[in-house]
Amino acid sequence: MGAVVADDGPSGVKAPDGGWGWAVLFGCFIITGFSYAFPKAVSVFFKELIREFGIGYSDTAWISSILLAMLYGTGPLCSVCVNRFGCRPVMLVGGLFASLGMVIASFCTSIVQIYLTAGVITGLGLALNFQPSLIMLNRYFDKRRPLANGLSAAGSPVFLCALSPLGQILQHEYGWRGGFLILGGMLLNCCVCGALMRPLEPPKKSEATKEPAEKKAKKKLLDFSVFKDGGFVIYTLAASIMVLGLFVPPVFVVSYAKDLGYQDTKAAFLLTILGFIDIFARPICGMVAGLKWVRPRCVYLFSFAMIFNGFTDLMGSMSVDYAGLVVFCIFFGISYGMVGALQFEVLMAIVGTQKFSSAIGLVLLAEAMAVLIGPPSAGKLLDATGRYMFVFIIAGIEVTTSALVLALGNFFCIKKKSEEPHTKEEAAEREELNKSEDKAPEDAKVDSIEVEQFLKDEPEKNGEVVTNPETCV
């Protein structure tokens, strides 16, 4: 966990780190934007839904909650589908589901029907796009992967800044039904992004080398062996604790400003500040994480980002005016962007390409429980105390605790244990090499200079993008 896993891909393919990978990165940017921003952007239609169906705000809030629950909770299902059918077909089906859910929701006559369409169907469609896009990004990038993760994660704040005003315009011009219909059409772009996810395969080999590869055991639909990796277990535990408090401040900061007596537009501007800072924080953090000295220790950079975020929450609890909340949003945007850029990069570094498709599904399932518990429990605390200070303090403590679990667990439980067997294996290999060298005749020895020259003459081959009639669009 303290070092980056050397990854050659599921079939021994070296990541291209460019080429068609930039198109994959563009698709991942759009998918990440829709997946994280869409549940928040739908909230602009809540007032009209309340007026239409005669319900309360808590009833409409379930739409966003169901969307997020489907995005996180269906992680294992997405892993099974990807391991069975591949990333590209799953994303194409997911794009159709996401669009179909919103289109059907525009004809609904009750809030329960909207739960099932805009919540369950659209949420499942976004989940079937989000997870495979990250898997493909991991396969196409290796050396530039931290930067690629930072750029793709920037899709979340960019789309949030774009979809929220767009939703307000659509509601004003066409009502909530017309707005849902147009947003459903926009979600068809997920299918276009899915079409960009071309599979990677190794360079063509002779028929003799193909036969052993075909006899290999089939890939598991959901690989639970990741739980044998101590680094993965610690990461999952830390991520679950982090999610309890990570999303709480953005949810309550606007209400905090309103309770201090500021206008609705001025209070809402706080989220614009947060999102604007977040846009630049994610790619910059990705660039920093890709530095030679930093990348092997990216887990500690991730821990620092979480401590920074938790400390910002604790300081934000002391804000008593608008200027204090603005400063809070600036620093929260920086720390939130760092967390967003590093969370999947660290997971990729821990488990590698082969197990990432299963690992991300299991991690998202664990986080789904925390996503459903975090904001509602903070709301109950606010109802009981009537003070936002305690809400921000609890959120800060939870995020800081997760950082300590990750950093200390990595330092004491993983690093030391992994070094001992590694050195023993190296010692055993050296002994065997020494014995074989003693037994080998002088004529059989090969000059090391000739071997090095032979290796230099044969260039390293990257994976090739495969286009076939079945998957090509």
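Summary table below
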item: Only one of 366, 349, 370 that is part of a helix (DSSP H, G or I), surrounded by 24 or more Cβ atoms within 10 Å (Cβ to Cβ) and at pLDDT below 85; result: 349
item: Hey, residue 79 at pLDDT below 85, among the hydroxyl-bearing types (Ser, Thr, Tyr), out of contact with any Pro (no Cβ under 6 Å at 6 or more places or on another chain) and open to solvent by 40 Å² or more (accessible area, probe 1.4 Å) or not; result: no
item: The stretch 96-138, residues that are among the aromatic types (Phe, Trp, Tyr) and part of a helix (DSSP H, G or I); result: 97, 115, 130
item: Selection from the stretch 382-403 of residues that are over 16 Å from residue 250 (Cα atoms), open to solvent by less than 70 Å² (accessible area, probe 1.4 Å) and assigned to a helix (DSSP H, G or I); result: 385, 400, 401, 402, 403
item: Cβ pairs under 9 Å, 6+ apart, first in the stretch 350-374 and on the phi > 0 side of the Ramachandran plot, second buried (at least 24 other Cβ atoms within 10 Å of the Cβ) and among the polar types (S, T, N, Q); result: 352/138
item: Qualifying residue in the stretch 295-304 (condition: in contact with a helix residue (DSSP H, G or I) (Cβ under 8 Å, 6 or more places away or on another chain), open to solvent by 20 Å² or more (accessible area, probe 1.4 Å) and aliphatic (A, V, I, L, M)); result: yes
item: Residue 338, sole failed condition from (1) open to solvent by 10 Å² or more (accessible area, probe 1.4 Å); (2) modelled with pLDDT under 80; (3) touching a Cys at 6+ places or on another chain (Cβ under 9 Å); result: (2)
item: Hits in the stretch 257-296 - residues which are in a helix (DSSP H, G or I) and without any contact (Cβ under 8 Å) to a residue 12 or more places away in the chain; result: 258, 264, 265, 269
item: Which listed residue is touching a residue at least 40 places away in the same chain (Cβ under 8 Å), within 24 Å of residue 375 (Cα to Cα) and either in the same structural domain as residue 313 (by the TED database) or touching a Phe, Trp or Tyr at 6+ places or on another chain (Cβ under 8 Å) (or both), from 254, 248, 299; result: 248
item: Candidates 318, 306, filtered to the one that is in the same structural domain as residue 401 (by the TED database), hydrophobic (A, V, I, L, M, F, W, C) and modelled with pLDDT under 90; result: 318
item: Count of residues meeting criterion [open to solvent by 10 Å² or more (accessible area, probe 1.4 Å), farther than 25 Å from residue 286 by Cα and of a type outside the set (A, V, I, L, M)] in the stretch 107-140; result: 6
item: Options 163, 151, 183: the member that is in contact (Cβ under 8 Å) with a residue 60 or more places away in the chain, part of a helix (DSSP H, G or I) and open to solvent by 50 Å² or more (accessible area, probe 1.4 Å); result: 151
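The values are calculated or read from the model by the stated rules, or taken from the named source; none is laboratory data. Source: prediction; values computed, not measured. Neighbour counts are summed over all protein chains in view; Cβ atoms, including those assigned to glycine, are modelled from backbone coordinates with ideal geometry. Calculation scope for accessible area: heavy atoms of the full protein, side chains included, ligands and nucleic acids excluded. Shrake-Rupley method; radii C 1.70, N 1.55, O 1.52, S 1.80 Å.
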